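The values are calculated or read from the model by the stated rules, or taken from the named source; none is laboratory data. Keep in mind that this is a model prediction, so the values were computed, not measured. Note that we place each Cβ from the backbone using ideal geometry, even for glycine, and neighbour counts take in every protein chain shown.
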Amino acid sequence: MVKAHYFPPPPNPSTTNDDTAPLETTVYYVHDPSTCDHISLNPLLPDPYERCHVEVRPSTLKGAGEGLFATVDVPGLWLENLLTSHPRHVPVSRNQQVIAFYNGTRITSAESDARHWNQNANTLWLDMATVLDVPSPFNDTAVYRATLGHKCNHYRAQENAVFARWVAGLGLEGGA
């Protein structure tokens with residue numbers, strides 16, 4: 001993607017008053033790949049697809065902080081991992097649906113392995129050499145909400161999502 005336009009629906013006149021400033025109706029998205037020291041040009045610009053499918057709320061798991069919750073019924077629910085694959089790749093079928101995306105700064109697997117385990121709470125393997133990391137302060141949605149996949153429960157003992165590599169325009173890699 002080089003540039004995309006998102007045109008949200010106009011505000012509902014019954015829910016606005018005359019004192020309300022006109023809302024911006026066009027949002028521009030540009031190609032914005034993460035690097036080792038850059039997560040996003042617009043870290044607070046939410047993904048329009050995620051806005052329709054998920055929201056962040058306090059987790060129902062004790063001590064887990066924030067969690068990711070579906071806002072619509074989604075048959076074959078699974079979490080799409082933006083340009084990411086997990087070493088424990090699970091085959092995905094075409095009847096499963098993307099629900100959210102995962103992005104982060106790119107660090108080496110050696111860097112990730114050398115850190116204390118609690119610094120890797122929001123990391124996910126991109127490939128054998130590269131890990132996506134959503135480090136502090138970007139793990140806070142007040143600072144970063146361009147993608148929300150890092151709010152999904154991916155603690156191995158209780159994970160409830162499937163991560164799969166997906167490439168825009170090509171779809172699932174390794175899917176049926």
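At-a-glance table
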quantity: Members of segment 49-67 that are assigned to a loop (DSSP other than H, G, I, E, B), surrounded by 13 or more Cβ atoms within 10 Å (Cβ to Cβ) and at pLDDT 85 or above; calculated: 59
quantity: Residues that are out of contact with any His (no Cβ under 8 Å at 6 or more places or on another chain), exposed (fewer than 14 other Cβ atoms within 10 Å of the Cβ) and either modelled with pLDDT under 55 or within 19 Å of residue 148 (Cα to Cα) (or both), drawn from segment 68-92; calculated: 73, 76, 87, 88, 90, 91
quantity: Enumeration of residues in segment 120-143 that are within 18 Å of residue 41 (Cα to Cα) and buried (at least 21 other Cβ atoms within 10 Å of the Cβ); calculated: 132, 133, 134
quantity: Some residue of segment 138-150 being aliphatic (A, V, I, L, M) and at pLDDT below 90; calculated: no
quantity: Test set (1) in contact (Cβ under 8 Å) with a residue 12 or more places away in the chain; (2) on the phi > 0 side of the Ramachandran plot - residue 63 fails condition number; calculated: (1)
